[in-house]
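Here is the structure we will look at, set down as structure tokens.
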């Protein structure tokens, strides 16, 4: 259902897993997750599923089935694999095995550093930046050593620690924003595509905090753009997934994209002749220039633009209520392009075979 | 009370009027407002009170009383006066009279254009920009003609129209942000200090929308800074003033200021030696470097950083609830520096004299 929702939102280009298949045996959870997602979206997937050799081999088999063979998958990778360094500076055996499998199959690997200032990184933002860059470079070096030329993505989610509790800082603010921007700029200069976290506010419910942290994040996409963004729909620092927050974040991201596009300042758009003709005490409502260009203005799906009277009459719905309605509408109306019957059965067969092997082993 | 709250918030450097003295005769409303504000804050005031000659003369008399005479007011202007052009391109008689009075007294005049694309300005953002700049320049020309060298502030609040209703677009997004940035940059290049609107979301209550629009606005202060910002505490496009939203906006503005300050990237802050010493599988919690620098990290007053369990135990308070508590705390604890008794009586006397004159006239 969540995959179907994300499939419906045009602002989203790729999908993470939003829930974990905790009802499946641990060794094949990732396979179940990927299978369900492949059946419910035609968008690119990005997942941490398959974080060791066995799981990675299963995921590659699923992907090859959908892509139509090993070479077809190499040409059109349906999924990119998230592999995390353990900060500071440590690679576990599982991810390195998985990297070998994915890299050999041509599945892009997103090398992720999630260093946290004060705990797994220095307390300074400069030190957090240095460590993040070093860790991502170490992952890229591993990939290129195992499979020279294999596609990688450089990903930094630098964070700060809550000094009060020692946990991840849910009240993330300017330091985190500065660190993410700095990492995006340095990682982006390395060559491979660069990803950064946006959204996934520290708030526990959609509300002012998720809006404020989301607005600051969206602005980073305008002023310090990355190639790929992760995090829409997350709350409580991505420990909670909210379909309503996903719609809200998609709205903000759409606004950021429009903001970054800018506006032409040519003679037609500066409209000095129109201003001169209308003149003092006139208005522009009836101008052909207005009619010709008003469609260029951005329009919100979610932000409340009603008058106070309309709003009261409608039962005082806020933007969160509008997003809830949008979630219901999208789920009712959107049907993703289905996999062919045969292919769907083939995926089930692959997952079942791996599951049998995992339970036997 | 609202003035007292704003006096207490360190993020706020100047105060607008947040309520109107509608219980006073129209001609002296502005005088009552300014008198109350002078008694409740030592911060700079900025107000549209006194938008014609009579009111402006009264305001100047109040200000001279507090400043300690005409020359003292010129040296330390306690207030700046907002004077609005009527878009497109029209100056009414009242504001021009007021400009003459204020400019002669050395009270800075903020020349404000509030053009709205599609209605009082072209539908294009370029045209909105051109008109705003032309209008502000026209106001500056009026001031400088009437009183050469008088201090002015260039202020643009460009907005877009809600195409559905014809009213101000409460769902303001990327177009408005782009227009405000462009105006800030062009007006800022003219020479006089430049002001822009921040906050005053279109939302009707503090919540996701006021956070999202506020976050996007705060980011403008980071990436396209003006000299003066107006709008904190506003909702429903500044038709509603919310003390809670004021605290929330102040929090975001503080975060933006910290973001803009940045972080040093010198050897001490890059901390390469610390990273090398800690090494793989270590941690930074016990490092002297961490202890020395962790105090440099920004800490939120309002954003919720509690764990899920703490949050549930506390009754699930969100950031808005925390801001409400902060409003109550500030009002209970903060006592503005009072005016001397004699001076307060003198202000009352001035207002009463103008009121008598207005009622007689």
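Please treat every number below as a calculation from the coordinates, not as lab data. What you are looking at is a predicted structure, and each value in this text was computed from that prediction instead of being measured. For neighbour counting, all protein chains shown are included, and Cβ atoms are generated from backbone atoms with ideal geometry for every residue, glycine included.
Applying the criterion of being in contact with a strand residue (DSSP E or B) (Cβ under 8 Å, 6 or more places away or on another chain) and within 10 Å of chain A (Cβ to nearest Cβ) to the residues of region B:139-166, the residue that is farthest from residue B:197 (Cα to Cα) is B:162. When the residues of region B:249-258 are filtered to those that are within 9 Å of another protein chain (Cβ to nearest Cβ) and touching a residue at least 40 places away in the same chain (Cβ under 8 Å), the one that is surrounded by the most Cβ atoms within 10 Å (Cβ to Cβ) is B:252. If I ask for residues that are facing chain B (nearest Cβ under 7 Å) and in contact (Cβ under 8 Å) with a residue 12 or more places away in the chain, which ones from region A:264-289 would you list? A:269, A:271, A:274, A:289 - these are the residues of region A:264-289 that are facing chain B (nearest Cβ under 7 Å) and in contact (Cβ under 8 Å) with a residue 12 or more places away in the chain.
On inspection, residue B:246 fails the criterion of being at the interface with chain A (Cβ under 8 Å from one of its Cβ atoms) and within 26 Å of residue A:236 (Cα to Cα).
For region A:182-210, name all the residues that are closer than 23 Å to residue A:123 by Cα, within 9 Å of another protein chain (Cβ to nearest Cβ) and surrounded by fewer than 24 Cβ atoms within 10 Å (Cβ to Cβ). Of everything in region A:182-210, just one residue is closer than 23 Å to residue A:123 by Cα, within 9 Å of another protein chain (Cβ to nearest Cβ) and surrounded by fewer than 24 Cβ atoms within 10 Å (Cβ to Cβ), namely A:182.
For region B:79-95, which residues satisfy the criterion of being assigned to a strand (DSSP E or B) and surrounded by fewer than 20 Cβ atoms within 10 Å (Cβ to Cβ)?
Taking region B:79-95 first, the residues assigned to a strand (DSSP E or B) are B:79-84, B:86, B:90.
If the condition is that a residue be assigned to a strand (DSSP E or B) and surrounded by fewer than 20 Cβ atoms within 10 Å (Cβ to Cβ), then B:84, B:86, B:90 are the ones that fit.
Here residue A:340 does not qualify as farther than 22 Å from residue B:177 by Cβ, exposed (fewer than 12 other Cβ atoms within 10 Å of the Cβ) and more than 33 Å from the chain's Cα centre (by Cα).
Let's see how each residue does on (1) in a strand (DSSP E or B); (2) touching a helix residue (DSSP H, G or I) at 6+ places or on another chain (Cβ under 6 Å); (3) surrounded by 22 or more Cβ atoms within 10 Å (Cβ to Cβ):
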{"position": "B:6", "(1), (2), (3)": "no, no, yes"}
{"position": "B:21", "(1), (2), (3)": "no, yes, no"}
{"position": "B:31", "(1), (2), (3)": "no, yes, yes"}
{"position": "B:65", "(1), (2), (3)": "no, yes, no"}
{"position": "B:72", "(1), (2), (3)": "no, no, no"}
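Of the set (1) over 24 Å from residue B:245 (Cα atoms); (2) crowded, with 24+ Cβ neighbours inside 10 Å; (3) under 19 Å from the mean Cα position of the chain (by Cα), all apply to residue A:213 but (1).
Taking residue A:324, is it over 20 Å from residue A:31 (Cβ atoms) and touching a residue at least 60 places away in the same chain (Cβ under 8 Å)?
Numbers: over 20 Å from residue A:31 (Cβ atoms): yes; touching a residue at least 60 places away in the same chain (Cβ under 8 Å): yes.
Against the criterion (over 20 Å from residue A:31 (Cβ atoms) and touching a residue at least 60 places away in the same chain (Cβ under 8 Å)), residue A:324 qualifies.
Criterion applied to B:100, B:117 was being more than 9 Å from chain A (Cβ to nearest Cβ) and under 23 Å from residue A:281 (Cα atoms), and the one residue passing it is B:100. Residue-level analysis places residue A:310 outside the set of residues that are more than 10 Å from chain B (Cβ to nearest Cβ) and out of contact with any strand residue (DSSP E or B) (no Cβ under 8 Å at 6 or more places or on another chain).
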